[in-house]
Amino acid sequence: MGWIIAILVGALVGWLASIVMKTDAQQGPIANILIGIIGATLARWLFGDVLGIGGVAAGTLSLMGILWGLIGAIVLIFILKAVRVLK
């Protein structure tokens, strides 16, 4: 059941991040899911472990989890655009 929730939250987060970063036209549903899941993991690591911002629940099925996941996915898309993987 946890994988289903991760896929659904990842799809939502990846789709929202692709709209914010204007890459929605070049990403399909699989890319949205992957960017959402990897972005949430990146946010949990970067903001929780490295920067020590307490209570980072990125990728969980809560409002704060979705917001942190969205921030992480936006950072991931920014990095992908910087290395020219996405236009």
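Coordinate-derived values only; no laboratory data. Given the structure is predicted, the values throughout are model-derived calculations rather than measurements. When we count neighbours, we look across all protein chains shown, and the Cβ atoms used for this are built from the backbone with ideal geometry, even at glycine.
Mean residue ellipticity at 222 nm from the helices of the chain, using -39,500 (n - 2.57) per DSSP H segment of n ≥ 4 over the full residue count, to the nearest 500 deg cm²/dmol?
-21000 deg cm²/dmol
Using alpha carbons only, what's the Rg to Rh ratio of the chain with Rh from Kirkwood? Please report the intermediate quantities before stating the final value.
Numbers: Rg = 12.0 Å, Rh = 12.4 Å.
Here the Rg-to-Rh quotient is 0.97.
Once amide H atoms are placed 1.01 Å from N in the peptide plane, what residues at a sequence separation of 5 or more from residue 86, or on another chain, have their amide H within under 5 Å of its amide H?
Those lying under 5 Å, H to H, from residue 86 are 81.
Which chymotrypsin sites (Phe, Trp or Tyr not before Pro) does the range 1-70 hold that lie in a coil by DSSP with at most 13 other beta carbons within 10 Å?
none
Taking only Cα atoms, what is the 0 to 90° angle, nearest 10, from helix 2-20's long axis to the longest principal axis of the chain?
50 degrees
For a protection proxy built on the mean count of beta-carbon atoms within 10 angstrom, sort 78-86, 35-43 highest first, please.
Most protected by this proxy first, the peptides run 35-43, 78-86.
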